[in-house]
Amino acid sequence: MLFGKKIKKPEISFDPDTQYAIIRSSICTGEKVAGFKSKADGHFTEVMLIRSYEDELRFKETYGIDTIKPEY
């Protein structure tokens, strides 16, 4: 449990065999979006906006992810 908040069930499914987690970061605005990228065709599925380190931790905990690859 993260900072006393209840963890929601994942709304979007994650399959580590066919996808990997990334954080897309805009060079211009600095906006960060967490999601999953397909290993087969590179399709990105947006899951949540990352506004703080706590958001990143919540994303990792919700989907059981240890590391996230940044992408610019």
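Here are the numbers:
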quantity: For semi-axes √(5λ) of the Cα gyration tensor in Å, calculated from these coordinates, the label among (i) 19, 17, 9; (ii) 35, 21, 5; (iii) 44, 20, 8; calculated: (i)
quantity: Cleavage-rule hits (trypsin sites (Lys or Arg not before Pro)) in segment 27-66: DSSP loop, at most 11 neighbouring Cβ within 10 angstrom; calculated: Arg51
quantity: Length-normalised contact order of segment 19-71 in % [C-alpha pairs under 8 Å, at least 6 apart]; calculated: 37
quantity: Proximal charge balance of Thr18 [Cβ under 14 Å; K/R count +1, D/E count -1]; calculated: -1
quantity: Potential lengthening between Glu54 and Asp66 on full extension [0.36 nm per residue; Cα-Cα distance subtracted]; calculated: 2.9 nm
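Every number here is computed from the coordinates shown, using simple stated rules; none is lab data. Keep in mind that what you see is a predicted model, and the values were worked out from it rather than measured. No Cβ is skipped: glycine too gets one built from the backbone with ideal geometry, and neighbour counts run over all protein chains shown.
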